[in-house]
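The values are calculated or read from the model by the stated rules, or taken from the named source; none is laboratory data. Note that the coordinates shown come from a computational prediction; the quantities given were computed from them, not determined experimentally. Note that each Cβ is placed from the backbone with ideal geometry, even for glycine, and that neighbours are counted across all protein chains shown. Heavy atoms of the whole protein, side chains included, go into the accessibility calculation; ligands, DNA and RNA do not. Shrake-Rupley method; radii C 1.70, N 1.55, O 1.52, S 1.80 Å.
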Amino acid sequence: MEKKTCIRTKVLDRLNYLTNEQYIEASKTIETQLINSSYWKDAKVIAITVSKKTEVDTYGIIQKGWDQKKTMVVPRADFKTKKMTFYKLTSFSQLEEQRYGLMEPKQTLCQKISNHDIHLVVVPGVAFDINGNRLGYGGGFYDRFLATSHAKTIALAFDCQIINEVPMESHDKKLDQIISENGFLL
Ligand SMILES: Nc1ncnc2c1ncn2[C@@H]1O[C@H](COP(=O)(O)OP(=O)(O)OP(=O)(O)O)[C@@H](O)[C@H]1O
Ligand SMILES: [Mg+2]
């Protein structure tokens, strides 16, 4: 098996062993650290994905953003062009389930936001290392997007997603920061 595929399988398997209590508690700790960070405080427009079952919970984070009058934008992925378009989300009812169980904004209900207007990107991923390297789900969506973005990048990860070394390729960009339940990694 290819090295990246092997790591994805291993880490995704580890995530399945988190208990519901561990998931809730670690997510809450990570959320608090993010919201108290200068990355968050300095950003008015924040891009974020809506979390799936084994990802750090982002529902509370999105709600905090709304409470603080920030513009929270979430992507829709086009699997033909492998590109993402971001939309301003103002209610969870504007989401619909798309392929791979992704919760994405309904285009008819949400305002499109230009990539250049985003200040902070909360980047999803499967595995990370302490050099700020990231391994995603394999689509290259975030790599393509970040290649042309000047936004700050931060990832939220459970400690079991931090591995010794993520194999990097030339198209991969390092993250500015990673937050786990044990704090800031970089
Ligand atoms: N900037 C880019 N331009 C063109 N192709 C790219 C770019 N970035 C990545 N790709 C391609 O996308 C594919 C997937 O890349 P990779 O394995 O790094 O995905 P990933 O980091 O797991 O996914 P994601 O970025 O969505 O989290 C690779 O074949 C890669 O060559
Ligand atoms: Mg990549």
Residue check for ILE163: buried (at least 16 other Cβ atoms within 10 Å of the Cβ), within 16 Å of ligand 2 (Cβ to nearest atom) and more than 15 Å from the chain's Cα centre (by Cα): yes
In segment 120-135, the residues that are part of a loop (DSSP other than H, G, I, E, B) and more than 17 Å from VAL74 (Cα to Cα): VAL126, ASP129, ILE130, ASN131, GLY132, ASN133
Can you name the residue in segment 150-160 that is out of contact with any helix residue (DSSP H, G or I) (no Cβ under 6 Å at 6 or more places or on another chain) and either among the polar types (S, T, N, Q) or open to solvent by less than 30 Å² (accessible area, probe 1.4 Å) (or both) and, of all such residues, is farthest from ligand 1 (Cβ to nearest atom)? ALA151
Anything in segment 166-184 that is open to solvent by 10 Å² or more (accessible area, probe 1.4 Å) and within 14 Å of ligand 2 (Cβ to nearest atom)? List them, or say none. PRO167, MET168, GLU169, SER170, HIS171, ASP172, LYS173, LYS174, LEU175
Selection count where residues are assigned to a loop (DSSP other than H, G, I, E, B) and at pLDDT 95 or above, scope segment 149-169: 10
If you check TYR100, TYR142, which single one turns out to be surrounded by fewer than 17 Cβ atoms within 10 Å (Cβ to Cβ) and within 16 Å of ligand 1 (Cβ to nearest atom)? TYR100
Can you list residue pairs whose Cβ atoms sit under 8 Å apart, with the first residue in segment 130-148 being closer than 19 Å to PHE158 by Cβ and the second being within 11 Å of ligand 2 (Cβ to nearest atom) and acidic (Asp, Glu)? Count only pairs 6 or more apart in sequence or on different chains. ASN133/ASP172; ARG134/ASP172; GLY136/ASP143
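Residues checked against (1) open to solvent by 50 Å² or more (accessible area, probe 1.4 Å); (2) not in a loop (DSSP other than H, G, I, E, B); (3) not aromatic (Phe, Trp, Tyr):
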position	(1), (2), (3)
GLU21	yes, yes, yes
ILE30	no, yes, yes
THR54	no, no, yes
GLY60	no, yes, yes
ALA77	no, yes, yes
THR81	yes, no, yes
GLU96	yes, yes, yes
Determine the pairs where a residue that is among the basic types (Lys, Arg), located within segment 93-122, has a partner that is part of a strand (DSSP E or B) with Cβ atoms under 7 Å apart, the partner being 6 or more residues away or on another chain. LYS106/GLU96; LYS112/THR85; LYS112/TYR87
Take the residues of segment 119-136 that are more than 13 Å from ligand 1 (Cβ to nearest atom) and in contact with a helix residue (DSSP H, G or I) (Cβ under 9 Å, 6 or more places away or on another chain): which is most open to solvent (accessible area, probe 1.4 Å)? HIS119
